[in-house]
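Read through the structure below, which is laid out as C-alpha cells, and then see the notes.
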Amino acid sequence: MAKKFPIHPKNPERICWGCDKYCPADSLVCGNGTDRTPHPVELFGEDWLDWGIDAAAQAEEAEEGR
C-alpha cells in the first residue's frame, strides 16, 4: 500500500518527493535522478490542490455525473 501523500508538509525542501521512499534531499537512494523532486506546493504554491489535478477526485465526479 502506498503511503498517504502529505498535502502541506512543514519542510518540503528536505525530502525528495519522486517516489514512495521520501528520501532525505542529501541522500537520494532510489536513483530517481541526481536532483530532488520538489513537492507540488513548492512548484505551484499553497493552493496547488485547488487546481483540479487530483485524478481520483475527477474520476469520482465523472461517475456522479452519469
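Non-local amide H neighbours of Ile15 (under 5 Å, H modeled in plane, Pro and chain starts lacking H): which ones?
Ala25
How far is it, in nm, from the label point at Ala25 to the one at Glu13 when both lie 7 Å from their Cα along the line to the Cβ?
Using points 7 Å along Cα→Cβ, the separation is 0.5 nm.
A short reminder: the numbers here are calculations on the coordinates, not readings from a lab. This is a predicted model, so every value here is computed, not measured. With ideal geometry, Cβ positions are generated from the backbone for all residues, glycine too; neighbour counts draw on all protein chains shown.
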